[in-house]
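So the structure is just underneath, and the comments pick up after that.
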Amino acid sequence: MPFYQLNEDDLRPDDDFDPAEVPRAIAAIGFDMFTKGVETPIHEHLKAQLILTLRGVVRCEAGNSVWIVPPRCAVWIPGNVPHSVTAAGNVEVYCLFVEPDVAPALPRQCCTLSISPLLERLLLYATQMP
């Protein structure tokens with residue numbers, strides 16, 4: 001899975017990462033960038049998504065709620081939930097995508113989650129997997 005170190009000028013529409021194209025139950029991606037503001041428009045995935053912020057602040061709209069994800073916090077978005085994500089400034093963000101069938105005990109609605117240092121390190125490692 002990719003880990004991107006980007007400048008705002010590096011962002012192009014053809015850089016889209018599609019977790020559905022990864023033939024595994026999990027997929028991960030990370031971004032380390034400085035931006036005046038970048039937004040992914042409303043979209044949804046079959047796989048559920050965990051958004052972990054390590055630096056900067058990320059704003060996520062999902063359902064009828066707005067989630068502010070400060071550093072060292074995460075928001076969980078179940079699969080097939082329309083959402084958008086906005087980030088600005090010097091941000092480091094990691095996303096984990098999980099097939100719904102492999103972890104049926106995970107929440108079925110958007111929520112914040114406490115992320116242990118172990119889970120954080122595992123997620124960072126997953127972004128380096130081929």
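Let's see how each residue does on (1) basic (K, R); (2) open to solvent by less than 60 Å² (accessible area, probe 1.4 Å); (3) under 18 Å from A20 (Cβ atoms):
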{"site": "Q49", "(1), (2), (3)": "no, yes, yes"}
{"site": "E61", "(1), (2), (3)": "no, no, no"}
{"site": "N64", "(1), (2), (3)": "no, no, no"}
{"site": "C95", "(1), (2), (3)": "no, yes, yes"}
{"site": "E99", "(1), (2), (3)": "no, yes, yes"}
{"site": "Q109", "(1), (2), (3)": "no, no, no"}
{"site": "S114", "(1), (2), (3)": "no, no, no"}
{"site": "L119", "(1), (2), (3)": "no, no, no"}
{"site": "L123", "(1), (2), (3)": "no, yes, no"}
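Are any of the residues in segment 33-45 among the aromatic types (F, W, Y) and buried (at least 17 other Cβ atoms within 10 Å of the Cβ)? Quick ask: steps written out before the conclusion?
Taking segment 33-45 as the starting set, the residues that turn out to be among the aromatic types (F, W, Y) are 34.
From what's left, buried (at least 17 other Cβ atoms within 10 Å of the Cβ): none.
No; the residues of segment 33-45 include none that is among the aromatic types (F, W, Y) and buried (at least 17 other Cβ atoms within 10 Å of the Cβ).
The values are calculated or read from the model by the stated rules, or taken from the named source; none is laboratory data. This is a predicted model, so every value here is computed, not measured. Counting neighbours? That spans all protein chains shown, and the Cβs are built from the backbone with ideal geometry, glycine included. Only protein heavy atoms, including side chains, enter the accessible area calculation; ligands, DNA and RNA are left aside. Shrake-Rupley method; radii C 1.70, N 1.55, O 1.52, S 1.80 Å.
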